Amino acid sequence: MSETVTIHRLLDAGPTPEIERGIDAIFFESSNTKSFESESARAAFRERWLGRYLRHDPQFGYLALRPSGEVAGYLVGAIEDPAQAARFADIEFFTALREQTKKFPAHLHVNIAPDFRNRGIGGRLVDRFVADAKDHGSPGVHVVTGVGSPNIRFYNRNGFAEVARAGASGQLLFLGRAL
């Protein structure tokens with residue numbers, strides 16, 4: 001498939017109900033958690049890993065759009081240190097990573113629809129966020145993923161390197177990229 005995808009700021013493209021549905025579809029398809037005990041549990045999961053970024057940081061949201069306007073991928077992020085920001089207090093591992101988040105405060109979540117993976121789209125989205133984080137004075141950006149996760153190779157290709165491990169048995173990997 002050689003369809004061209006263009007990168008847009010979320011605020012320039014919407015968000016419209018169609019775009020939010022597209023983001024949600026990719027979010028839940030890409031998530032390791034596939035089933036929820038209730039609709040409220042599903043909504044809480046979405047809020048924790050996606051919704052708070054869409055609501056509080058839409059200026060750091062980016063879309064990969066097909067010519068039809070359909071979402072092929074997205075990136076949401078924030079530039080404030082999550083270990084210092086009250087709105088991220090529910091994500092326990094940030095307490096253990098407090099020293100690392102000082103050096104790499106900006107953070108992101110990026111997901112691409114399966115049909116559009118391995119085409120450089122995710123890297124283009126990361127580049128847009130990194131440029132904006134740097135312009136806003138962030139010294140670095142990070143992601144947290146599971147040890148052994150297939151997305152580690154993607155992040156390594158995009159300039160991220162292992163900085164620390166966290167979690168009860170070191171199952172979480174903190175990857176940082178200095179700006």
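The values are calculated or read from the model by the stated rules, or taken from the named source; none is laboratory data. Model, not experiment: these values are computed from the prediction. Quick reminder, even Gly has a Cβ in these numbers, built from the backbone with ideal geometry, and neighbours come from all protein chains shown. Accessible surface is based on the protein model in full, side chains and every heavy atom, while ligands, DNA and RNA are left aside. Shrake-Rupley method; radii C 1.70, N 1.55, O 1.52, S 1.80 Å.
Some notes on this structure:
- Those residues of the range 5-64 which are within 20 Å of ALA113 (Cβ to Cβ) and among the hydroxyl-bearing types (Ser, Thr, Tyr), in sequence order: THR6, THR16, SER30, SER31, THR33, TYR53, TYR62
- Exclusive hit being in contact with a Phe, Trp or Tyr (Cβ under 7 Å, 6 or more places away or on another chain), within 27 Å of THR145 (Cβ to Cβ) and assigned to a strand (DSSP E or B), set ILE26, ILE7: ILE7
- Residues (open to solvent by less than 60 Å² (accessible area, probe 1.4 Å) and within 15 Å of the chain's Cα centre (by Cα)) located in the range 115-130: ILE121, GLY122, GLY123, LEU125, VAL126, PHE129, VAL130
- ALA13 vs. criteria loosely packed, with under 13 Cβ neighbours inside 10 Å, under 20 Å from PRO58 (Cα atoms), without any contact (Cβ under 8 Å) to a residue 60 or more places away in the chain and among the hydrophobic types (A, V, I, L, M, F, W, C): no
- Of the residues contained in the range 106-114, one or more are found to be surrounded by fewer than 20 Cβ atoms within 10 Å (Cβ to Cβ), within 21 Å of LEU10 (Cα to Cα) and of a type outside the set (Ser, Thr, Tyr).
- Residue in the range 57-69 that is modelled with pLDDT of 95 or more, part of a helix (DSSP H, G or I) and closer than 30 Å to GLY170 by Cα present: yes
- Here ALA89 meets the list (1) within 23 Å of ARG9 (Cβ to Cβ); (2) free of Cβ contacts under 8 Å to residues at least 40 places away in the same chain; (3) surrounded by fewer than 17 Cβ atoms within 10 Å (Cβ to Cβ) almost entirely, failing just condition (1).
- Applying the criterion of being closer than 20 Å to SER68 by Cβ and of a type in the set (Asp, Glu) to the residues of the range 18-55, the residue that is least open to solvent (accessible area, probe 1.4 Å) is ASP24.
- Residue in the range 152-170 that is nearest to ARG98 (Cα to Cα), counting only those that are in contact with a Gly (Cβ under 9 Å, 6 or more places away or on another chain), surrounded by 13 or more Cβ atoms within 10 Å (Cβ to Cβ) and without any contact (Cβ under 8 Å) to a residue 40 or more places away in the chain: GLU162
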